[in-house]
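Visitor: Have a look at the structure that comes next, please.
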Amino acid sequence: MLGMFCVRAGSGLMGFRAAPRVRSLHSLPGITVAQIDEEVAKLLALKAQIGGDDGKHQFVLKTAKGTRDYNPKQMAIRERVFSTIIGCFKRHGAETIDTPVFELKETLTGKYGEDSKLIYDLKDQGGELLSLRYDLTVPFARYLAMNKITNIKRYHIAKVYRRDNPAMTRGRYREFYQCDFDIAGQYDAMIPDAECLKIVHEILSGLDLGDFRIKVNDRRILDGMFAVCGVPDDKFRTICSTVDKLDKMPWEDVRKEMVNEKGLSEEAADHIGEYVSLQGGMDLAERLLQDQKMSQSKQACAGLSDIKLLFSYLQLFQVTDKVVFDLSLARGLDYYTGIIYEAVLTQAGVSSEAQNGAPAEESVSVGSVAGGGRYDGLVGMFDPKGRKVPCVGVSIGIERIFSIMEQKAEASAEKVRTTEVQVMVASAQKNLLEERLKLVTELWNAGIKAEVMYKKNPKLLSQLQHCEESGIPLVAIMGEQELKDGVVKLRVVATREEVDISRAALVDEIRRRTSEA
């Protein structure tokens, strides 16, 4: 009933046809005075929100909660990050796909454990119940099943949506990009998994974000640990979600949630506490294979054997200096079936003790920047015949990385170029607009990134100042004498060096000078 107002076109005045509409409510059977009063109150509130009778629209100029705009400087930083990430994905032989921003609600339901409450549901649009995608992994699995694809190495960079409580200063939003790399297909154990970790190592090293650590674990080890610690089968997933909070909460609070909220026995919680404090490498996996309790679980032993194999491949990939086997890592998503991992930035790098298998208390985590794992059953959930396609992948936490890169740029007072213009076509005298347009056209046609001022007779000083402010490295200056001589005066903005270049050689000279820079 809130559609009871109209805009008088052309007058700019907002009028409400509320009175006749409200009077008509009296004739409706069963309508009460309270209901009429409620409708009137809604109309008045809407009128106040849109604007009073003075015709002024009272818009609130803000972005929606959990979203943000990006200015040209911020976008330049983002594009640089994307370029590094995409370059790494392509170096490892990945191809790319795209999927719709919304999926059938049933496609997403039941895949995210306790996080399912964060899915954005859309209103019924004519018979289909839809939701905005929560991540890129479930749509990828749907894509594989729908197209009967059994082998692919793909990357996908796109926006996802979560009805979360945003912490925007820490790079957490309701709308954000994910950068996913996944390998689907039946391959020998741990080889694709190790390559995913190598990719994380390459990207974080290439972006120069500071020290980082990649934590690895296995869902089979977690499930085996829960079983031998006395966790009932029906509580595995909910206890796993609680363990996943250990990077945000101290053990005492996690234990309290297990016991008081999830109904786990204190004895079982204490047994879990003994294991989740362990960190190490291949030697820890060997030690746990001999552990009296863990060795009783076939699941756990299979996971521990794979962790040993994984570390042997990581040594060949030369990344074990940043990888640690951490039994507290849980990753709460329901679809993981094997190896899981998460990369965190640290204030101090992984200590030598951590590499040798001892805990690394001195490595203080300052935020997760990548995560992933193996999900061998997800595609089978969509396939009509339940055919499984083993998959392993990683998602780069791009928004968190953007926040860090922006802070670094601000702190260093780094001048970030927001365009890629190589040369400004300028004139030193009046009435040379046509000549400038001819030259800039020649440069554009040759693939040179060039710019010209949108004035007939701009001052030379204004043109040079624009180059300095925008970071344009070269200026091609034209004057009457240069036109007579068939040359262009090429000026290096940084050094103010000027040299006459023949018109025919200008393109090659610009390419040479900008490639050197």
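The values are calculated or read from the model by the stated rules, or taken from the named source; none is laboratory data. None of the values given here were measured: they were computed from a predicted structure. Note that we place each Cβ from the backbone using ideal geometry, even for glycine, and neighbour counts take in every protein chain shown. Protein only, heavy atoms only, side chains kept; ligands, DNA and RNA dropped before computing areas. Shrake-Rupley method; radii C 1.70, N 1.55, O 1.52, S 1.80 Å.
Visitor: Counting only residues that are part of a loop (DSSP other than H, G, I, E, B), over 22 Å from E342 (Cα atoms) and charged (D, E, K, R), how many does the stretch 220-264 have?
Guide: So the answer is 1.
Visitor: Can you confirm whether V440 is under 41 Å from the mean Cα position of the chain (by Cα) and either in a loop (DSSP other than H, G, I, E, B) or in contact (Cβ under 8 Å) with a residue 60 or more places away in the chain (or both)?
Guide: Against the criterion (under 41 Å from the mean Cα position of the chain (by Cα) and either in a loop (DSSP other than H, G, I, E, B) or in contact (Cβ under 8 Å) with a residue 60 or more places away in the chain (or both)), V440 does not qualify.
Visitor: Then there is this: Taking helices (runs of 4 or more DSSP H) that do not extend beyond the stretch 289-407, which have at least 3 residues that are open to solvent by less than 10 Å² (accessible area, probe 1.4 Å) and either within 30 Å of D234 (Cβ to Cβ) or modelled with pLDDT of 90 or more (or both)?
Guide: Passing ranges, in order: 298-316.
Visitor: Additional query: Given the structure, is L222 of a type outside the set (K, R), at negative phi, buried (at least 19 other Cβ atoms within 10 Å of the Cβ) and at pLDDT below 95?
Guide: It is true that L222 is of a type outside the set (K, R), at negative phi, buried (at least 19 other Cβ atoms within 10 Å of the Cβ) and at pLDDT below 95.
Visitor: If a residue must be modelled with pLDDT of 90 or more and open to solvent by 20 Å² or more (accessible area, probe 1.4 Å), how many such residues does the stretch 279-288 contain?
Guide: So the answer is 4.
Visitor: Which one of these does M168 not meet: (1) hydrophobic (A, V, I, L, M, F, W, C); (2) at pLDDT 90 or above; (3) open to solvent by 40 Å² or more (accessible area, probe 1.4 Å)?
Guide: (2)
Visitor: In the stretch 185-207, is there at least one residue being within 23 Å of L108 (Cβ to Cβ) and either open to solvent by 10 Å² or more (accessible area, probe 1.4 Å) or modelled with pLDDT of 95 or more (or both)?
Guide: The answer is no; no qualifying residue exists.
Visitor: I need the full set of residues from the stretch 37-70 which are modelled with pLDDT under 75 and part of a loop (DSSP other than H, G, I, E, B), in order please.
Guide: G51, G52, D53, D54, G55, K56, H57, Q58, listed by residue number.
Visitor: Could you check how many residues of the stretch 157-184 are within 19 Å of Y335 (Cα to Cα) and in contact with a Cys (Cβ under 8 Å, 6 or more places away or on another chain)?
Guide: The total comes to 4.
Visitor: Additional query: Scan the stretch 154-164 and tell me whether some residue there is surrounded by 17 or more Cβ atoms within 10 Å (Cβ to Cβ) and acidic (D, E).
Guide: There is no residue in the stretch 154-164 that is surrounded by 17 or more Cβ atoms within 10 Å (Cβ to Cβ) and acidic (D, E).
Visitor: Across the stretch 466-514, what is the number of residues that are open to solvent by 90 Å² or more (accessible area, probe 1.4 Å) and not basic (K, R)?
Guide: Here the count works out to 9.
Visitor: Out of the stretch 78-99, which residues are open to solvent by 70 Å² or more (accessible area, probe 1.4 Å) and not in a helix (DSSP H, G or I)?
Guide: E95, T96, D98
Visitor: Follow-up. Would you pick out the residues in the stretch 111-151 that are open to solvent by less than 20 Å² (accessible area, probe 1.4 Å) and of a type in the set (K, R)?
Guide: Listed by number, the residues that qualify are K111, R133.
Visitor: With respect to I510, determine if the residue is part of a loop (DSSP other than H, G, I, E, B), within 38 Å of the chain's Cα centre (by Cα) and over 11 Å from V425 (Cα atoms).
Guide: So I510 does not fit the description; no.
Visitor: Any residue at all in the stretch 203-219 that's in a loop (DSSP other than H, G, I, E, B) and under 24 Å from Q299 (Cα atoms)?
Guide: no
Visitor: Quick check on the stretch 252-270. Is at least one of its residues closer than 28 Å to Y134 by Cβ, at pLDDT 90 or above and open to solvent by 60 Å² or more (accessible area, probe 1.4 Å)?
Guide: Scanning the stretch 252-270, I find at least one residue that is closer than 28 Å to Y134 by Cβ, at pLDDT 90 or above and open to solvent by 60 Å² or more (accessible area, probe 1.4 Å), so the answer is yes.
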